[in-house]
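S.K.: Before anything else, here's the structure in question.
The values are calculated or read from the model by the stated rules, or taken from the named source; none is laboratory data. Just so it is clear, the model here is predicted, and its values are computed rather than measured. Glycine gets a Cβ as well: all are built from the backbone with ideal geometry, and neighbour counts include every protein chain shown. Surface areas here come from the heavy atoms of the whole protein model, side chains and all, with no ligands, DNA or RNA. Shrake-Rupley method; radii C 1.70, N 1.55, O 1.52, S 1.80 Å.
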Amino acid sequence: MAGLFVVGLALFLVARKVLVPVGFGELGHFRTGAIADNRAPKLVHAGRAACAECHSDEPDRLKSGAHRGVGCEACHGALGAHAAAETDVKPARPDTGTLCLGCHRQSVSKPAGFPQVDPKEHGDGSGSCGGCHDPHAPAEEPKAPPAEEAKKP
Amino acid sequence: MTVDRRQLLAGLGKLLVLTPAAAAAWEYLEAGRPEEAPSYRLADHWWAMVIDVEACIGCGSCVRACKTENGVPLEPYYFRTWVERYHVPNGVSEHPEVDSPNGGYDGFPERYRPGDGAKSFFVPKLCNHCAHSPCTQVCPVGATFDSPDGVVLVDKSYCLGCRYCVQACPYGCRYIDPRTNTVDKCSLCYHRITKGLTTACCETCPTDARRLGDLKDPKDPIHEFLRAHKVQVLKPQMATGSKTWYAGLDGSVR
């Protein structure tokens with residue numbers, strides 16, 4: 001009888017050892033290693049601080065304008081790979097014609113105080129915003145390019 | 001062996017001094033394991049998110065950044081974070097019109113005309129990282145859990161794909177990854193926040209409509225935000241202990 005009990009206990013202990021993963025229950029009802037697993041993925045976005053380490057001039061210009069709170073990767077895309085190996089991965093220059101309207105296209109759902117434009121009414125028809133506006137230091141009253149100046153009555 | 005009173009007291013005194021010193025040294029060694037956590041200690045953080053509804057412009061930067069950062073499938077029904085557009089006709093807040101084309105990934109094509117007598121606004125959604133999360137309570141194997149620093153995480157190597165948690169989440173924040181057949185959800189960019197960075201969505205939000213905060217850090221600006229704004233969580237009646245606070249939240253938002 002006692003032998004049967006010992007065999008049963010041994011079976012239970014072996015089964016438990018096999019079935020319960022290592023580190024389970026140390027910090028709660030989960031495998032402790034899962035925390036490290038969740039930390040493991042590589043960074044895809046480098047973060048604005050990493051950009052400023054090399055590109056120190058642009059963040060300084062950004063600070064002066066309305067875009068001071070906008071992170072670099074909001075417009076330039078995820079650049080963790082570029083930050084890790086700057087010569088291997090070169091970021092593309094964003095096209096202001098499509099990029100700017102992603103935020104600034106007029107919509108009734110947007111907060112009233114946010115600067116919005118209707119591309120049909122605003123601009124010189126070139127489809128590009130960069131001609132008049134500097135995305136790194138946007139001013140309230142942009143300087144108009146010569147073409148725009150000439151069109152005015 | 002006999003111990004007189006003098007020896008006993010001297011021994012106890014040494015023990016009293018040496019024990020905390022040894023504990024502190026041990027703690028220092030534990031924290032210093034470089035491959036695990038150079039300076040990150042689970043007990044020092046309690047992560048949360050604040051969302052300023054009145055600042056959200058529905059650009060979809062957060063949705064795109066999240067999918068890129070976390071490798072979320074690009075099909076329009078898998079999201080760790082998404083943005084909803086609410087359109088609430090005057091006086092009928094029980095029946096708002098809500099849409100979220102591709103989760104806001106491509107922004108929002110204009111559907112509404114100005115002056116239609118309704119109010120319209122954007123609401124970003126993500127895992128609320130509840131302190132009393134219903135999803136972790138139903139997991140039969142402990143594959144999803146509240147981490148000691150206040151983030152609801154998934155153990156992908158241990159998830160069965162049984163979908164209980166997908167049904168239990170009152171906010172619809174979970175999906176089954178078709179590639180692994182295990183559950184996936186917002187991890188609050190755990191691989192970023194534990195390295196001193198902010199989440200991908202906060203990093204790319206152009207209007208600071210969403211901000212990550214560490215409630216255990218007294219210097220974190222989240223405390224000032226929570227003081228200065230009237231905030232609300234989603235579905236407070238469910239008592240989930242949500243740690244995603246919305247400022248300027250309309251009553252029509254579900």
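S.K.: Looking at region B:126-139, which of its residues are more than 11 Å from chain A (Cβ to nearest Cβ), farther than 22 Å from residue A:103 by Cα and outside any helix (DSSP H, G or I)?
M.R.: B:127, B:128, B:129, B:130, B:131, B:132, B:133
S.K.: While we're on this one: Looking at region B:51-59, is at least one residue closer than 22 Å to residue B:185 by Cα, open to solvent by less than 50 Å² (accessible area, probe 1.4 Å), among the hydrophobic types (A, V, I, L, M, F, W, C) and touching a helix residue (DSSP H, G or I) at 6+ places or on another chain (Cβ under 7 Å)?
M.R.: yes
S.K.: Now for a separate question. Filter region B:198-254 down to residues that are among the hydroxyl-bearing types (Ser, Thr, Tyr) and assigned to a strand (DSSP E or B) and give me whichever is farthest from residue B:121 (Cα to Cα).
M.R.: Checking each candidate, the answer is B:244.
S.K.: Given (1) within 9 Å of chain B (Cβ to nearest Cβ); (2) in contact with a helix residue (DSSP H, G or I) (Cβ under 9 Å, 6 or more places away or on another chain); (3) in a helix (DSSP H, G or I), where does residue A:36 come up short, assuming only one miss?
M.R.: Failing condition for residue A:36: (2).
S.K.: Taking the residues in region A:63-89 that are within 12 Å of chain B (Cβ to nearest Cβ) and in a helix (DSSP H, G or I) as candidates, determine which candidate is surrounded by the most Cβ atoms within 10 Å (Cβ to Cβ).
M.R.: Filtering region A:63-89 for residues that are within 12 Å of chain B (Cβ to nearest Cβ) and in a helix (DSSP H, G or I), the one surrounded by the most Cβ atoms within 10 Å (Cβ to Cβ) comes out as A:73.
S.K.: Is at least one residue of region A:8-28 open to solvent by 80 Å² or more (accessible area, probe 1.4 Å), without any contact (Cβ under 8 Å) to a residue 24 or more places away in the chain and at the interface with chain B (Cβ under 10 Å from one of its Cβ atoms)?
M.R.: Checking region A:8-28: at least one residue is open to solvent by 80 Å² or more (accessible area, probe 1.4 Å), without any contact (Cβ under 8 Å) to a residue 24 or more places away in the chain and at the interface with chain B (Cβ under 10 Å from one of its Cβ atoms).
S.K.: Further, regarding this structure: Of the residues A:48, A:93, which is open to solvent by 60 Å² or more (accessible area, probe 1.4 Å), at the interface with another protein chain (Cβ under 8 Å from one of its Cβ atoms) and of a type outside the set (Phe, Trp, Tyr)?
M.R.: None of the others qualify; the one that does is A:48.
S.K.: List every residue pair whose Cβ atoms lie under 7 Å apart, where the two residues are 6 or more positions apart in sequence or sit on different chains, the first residue falls within region B:146-158 and is assigned to a strand (DSSP E or B), and the second residue, located anywhere, is of a type in the set (Lys, Arg) and surrounded by 20 or more Cβ atoms within 10 Å (Cβ to Cβ).
M.R.: Final answer for the pair search is B:154/B:185.
S.K.: Also: For region B:98-125, give me each residue that is within 11 Å of another protein chain (Cβ to nearest Cβ) and part of a strand (DSSP E or B).
M.R.: Residues satisfying the conditions are B:99, B:118, B:119, B:120, B:121, B:122, B:123.
S.K.: Name the residues in region B:59-97 that are over 20 Å from the mean Cα position of the chain (by Cα) and within 9 Å of chain A (Cβ to nearest Cβ), would you?
M.R.: Matches in region B:59-97: B:59, B:85, B:86, B:87.
S.K.: Okay, moving on. Based on what the data block shows, is residue B:211 within 14 Å of the chain's Cα centre (by Cα) and farther than 30 Å from residue B:95 by Cβ?
M.R.: For residue B:211, the condition - within 14 Å of the chain's Cα centre (by Cα) and farther than 30 Å from residue B:95 by Cβ - is met.
S.K.: Do we have residue B:148 as more than 16 Å from the chain's Cα centre (by Cα) and either open to solvent by 20 Å² or more (accessible area, probe 1.4 Å) or of a type outside the set (Phe, Trp, Tyr) (or both) here?
M.R.: Considered against the rule, which asks whether it is more than 16 Å from the chain's Cα centre (by Cα) and either open to solvent by 20 Å² or more (accessible area, probe 1.4 Å) or of a type outside the set (Phe, Trp, Tyr) (or both), residue B:148 comes out as no.
S.K.: Only one of B:150, B:142, B:172 is more than 25 Å from residue B:246 (Cβ to Cβ) and small (Gly, Ala, Ser). Can you tell me which?
M.R.: B:142
S.K.: Now for a separate question. Given the condition farther than 17 Å from residue A:34 by Cβ, of a type in the set (Val, Ile, Thr), within 11 Å of another protein chain (Cβ to nearest Cβ) and open to solvent by less than 10 Å² (accessible area, probe 1.4 Å), answer yes or no: does some residue in region B:178-199 qualify?
M.R.: Yes, because at least one residue in region B:178-199 is farther than 17 Å from residue A:34 by Cβ, of a type in the set (Val, Ile, Thr), within 11 Å of another protein chain (Cβ to nearest Cβ) and open to solvent by less than 10 Å² (accessible area, probe 1.4 Å).
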